[in-house]
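Colleague: This is the structure, below, for whatever I ask next.
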């Protein structure tokens, strides 16, 4: 197993800050917007983004929630491993909001497809955008593209991209794992 | 780092006997999430979109049948329902033939209630579908036990260490056996209480306490699960009269208020008001009977969802 660190340390923090500034450009004070992290691992990123936005705009009221997409997946019949469901925490009204979906890695796009379905169960947002920390280019199975990108990675299917967080894994970093 | 991929240890749900404690916890955790779904404006998820489920009821049922049907619909499964009374079973068709004919219509799962113990197990050995036991004779009723324990967990935070008394017709009750097994696997203490004729002779071997005095049982327990007298399964008379049974084993408000603590009252339904439980108890604040029904849908969704994940 070969490990290649794609991003860590100060650059990791700068990337998160850049994403926040890009969000502010489009969403101003977030009065009409909401940040929704996709469970389980997008929730960490959503929290970071939310905290950073609150630091940058102390007066803004930034709505933030988490969305579990387990029951909306399309691979229950084909995936041998059933994913564990996590909690959905959306305690605000999604109707007519500009929702920013947040996930750590965008790969095939199927998670985002499921997230769109899961989100619509809460109402009809005015607009839905997608923010990802890592975009694995050229691997999409569905016509889904991110609006905000941390870093772009060219990888093959056998490789794995792992994002670890200080809160749970003791270190903020993005690693590319390759076999042999 | 890797996502967890939990799985039930069994392909069918025939009884609590086959489940591990981890299975039960997994069902509860999944049911927590489904309960959340059921409290949303849109109460439906597409999980079982391409799965067809047959509900085959050879015995009457209101709650269980409706609860399973609703759970299936909330999961977007296709369902067909079948009641033996209005079918060709009355023309002499066997159980295997009936079910194989239903399976020929490309059905993936069968939810079955049957008056004979072991009918689910028998079917699981002879047909190619996943079987969910919705009650087999006086043997097991696993989803009822799961939703009962889930309701206790919801009320107290944990089942472990709780004292549960099951009171009434233990001999003819499938709810009693499943409840005993489920509660014990979760670390609760269980007592059965009823007239000697309605307590199975060797029930002590299951590790439960046996009590014949209602007041003593109530003073011991945190939760009282009141069972109905199953007159339809009683081939002989087990006690002199219903009136006498009610006087000795019926739970009323006076007895409940005379206890030095507040216990929780449960009942799997159908209730015979005025026999095993009076209306003022059934409708009191201490009763969680309707919570049990609400939790039943979430538990059945969890069971069907987790079993469907077993197919691939």
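Readers should treat all values here as calculations from the given coordinates under stated rules, not as data from a laboratory. Quick caveat: nothing in here was measured; it's all calculated off a predicted structure. Virtual Cβ from ideal backbone geometry, glycine too; neighbours counted across all protein chains shown.
Colleague: Determine the shielding of peptide B:303-309 by partner chains: average, over its residues, the number of Cβ atoms on other chains within 10 angstrom of each Cβ.
Modeller: 2
Colleague: If you don't mind, another one. Shielding of B:33-39 by partners, i.e. mean partner chain Cβ atoms within 10 Å per residue?
Modeller: Shielding by partners across B:33-39 averages 3.
Colleague: Report the gain in length on full extension from residue B:80 to residue B:284: 0.36 nm times residue separation, minus Cα-Cα distance, nm rounded to one decimal.
Modeller: Gain on extension, residue B:80 to residue B:284, equals 69.7 nm.
Colleague: Could I ask something else about it? Report, in whole Å, the centroid distance computed from the Cα atoms of region A:49-116 and region B:140-207.
Modeller: With region A:49-116 and region B:140-207 each reduced to a Cα centre, they are spaced 40 Å.
Colleague: If you restrict to DSSP beta bridges whose two residues both lie in region B:1-150, what percentage is antiparallel, to the nearest 5?
Modeller: Taking every DSSP beta bridge with both residues in region B:1-150, the antiparallel ones total about 5 percent.
Colleague: State log₁₀ I(q)/I(0) for the protein assembly as shown at q = 0.06, 0.08, 0.14 Å⁻¹ as given by the Debye formula over alpha-carbon point scatterers of equal weight, solvent excluded.
Modeller: -0.36, -0.60, -1.25
Colleague: Among A:116-123, A:28-35, what's the highest-first ranking by average C-beta atoms within 10 angstrom per residue?
Modeller: A:116-123, A:28-35
Colleague: Using only alpha carbons, build the gyration tensor for region B:230-312 and give me the equivalent ellipsoid semi-axes, biggest first, whole Å.
Modeller: 32, 20, 9
Colleague: May I ask what percent, to the nearest 5, of DSSP beta bridges between residues of the protein assembly as shown are antiparallel?
Modeller: 20
Colleague: Next question, about the same structure. Hey, with R₀ at 45 Å, roughly what FRET efficiency would residue A:5 and residue B:156 work out to, going by the Cβ-Cβ distance, to 0.05?
Modeller: Efficiency, rounded to the nearest 0.05: 0.40.
Colleague: A further question on this structure: Percent of alpha carbon pairs in region A:27-88 separated by more than 16 Å?
Modeller: Value for region A:27-88 (Cα pairs over 16 Å): 53 percent.
Colleague: How do the peptides B:143-150, B:67-74 rank, highest first, by the average count of neighbouring beta carbon atoms within 10 Å per residue?
Modeller: Final packing ranking: B:143-150, B:67-74.
Colleague: Hey, what did chain B get for relative contact order, percent, Cα under 8 Å, at least 6 apart?
Modeller: Across chain B, relative contact order equals 20 percent.
Colleague: Indicate, rounded to the nearest 5 percent, the antiparallel portion of the DSSP beta bridges found entirely in chain A.
Modeller: 35
Colleague: Regarding chain B, what is the average projected area of its C-alpha convex hull, in nm²?
Modeller: For chain B, averaging the hull's shadow over all directions gives 17.4 nm².
Colleague: Using Cα pairs under 8 angstrom and six or more residues apart, how large is the relative contact order of chain A, in percent?
Modeller: 26
Colleague: Please report, for the Cα atoms of region B:1-138, the Rg to one decimal and the Dmax as a whole number; what are they, in angstrom?
Modeller: Here Rg and the maximum Cα pair distance are 15.9, 58 Å.
Colleague: So for B:276, A:129, B:140, fewest C-beta neighbours within 10 Å to most, what's the order?
Modeller: Ascending number of Cβ neighbours within 10 Å: A:129, B:276, B:140.
Colleague: Also: Per residue of chain A, what 222 nm ellipticity follows from adding -39500 (n - 2.57) for every DSSP H run with n ≥ 4, rounded to the nearest 500?
Modeller: About -8500 deg cm²/dmol.
Colleague: Across the residues of B:43-55, average count of Cβ atoms on other protein chains within 10 Å?
Modeller: Per-residue shielding by partner chains comes out at 3.
Colleague: Stick to the Cα atoms of region B:142-289, pair each with every other, and give me the Kirkwood hydrodynamic radius in Å at one decimal.
Modeller: In region B:142-289 this quantity evaluates to 15.1 Å.
Colleague: Evaluate E = 1/(1 + (r/R0)^6) for residue B:248 and residue B:205, where r is the Cβ-Cβ distance and R0 equals 30 Å; express this FRET efficiency to the nearest 0.05.
Modeller: In this case the efficiency is close to 0.70.
Colleague: Also: For A:21, B:267, B:12, what ranking results if the residue with the fewest other Cβ atoms within 10 Å of its Cβ goes first?
Modeller: Starting with the residue having the fewest Cβ neighbours, the order is A:21, B:12, B:267.
Colleague: Determine by what factor the alpha-carbon radius of gyration of chain A differs from 2.2 N^0.38 Å, reporting the quotient.
Modeller: Against the compact-globule rule of thumb, the ratio is 1.01.
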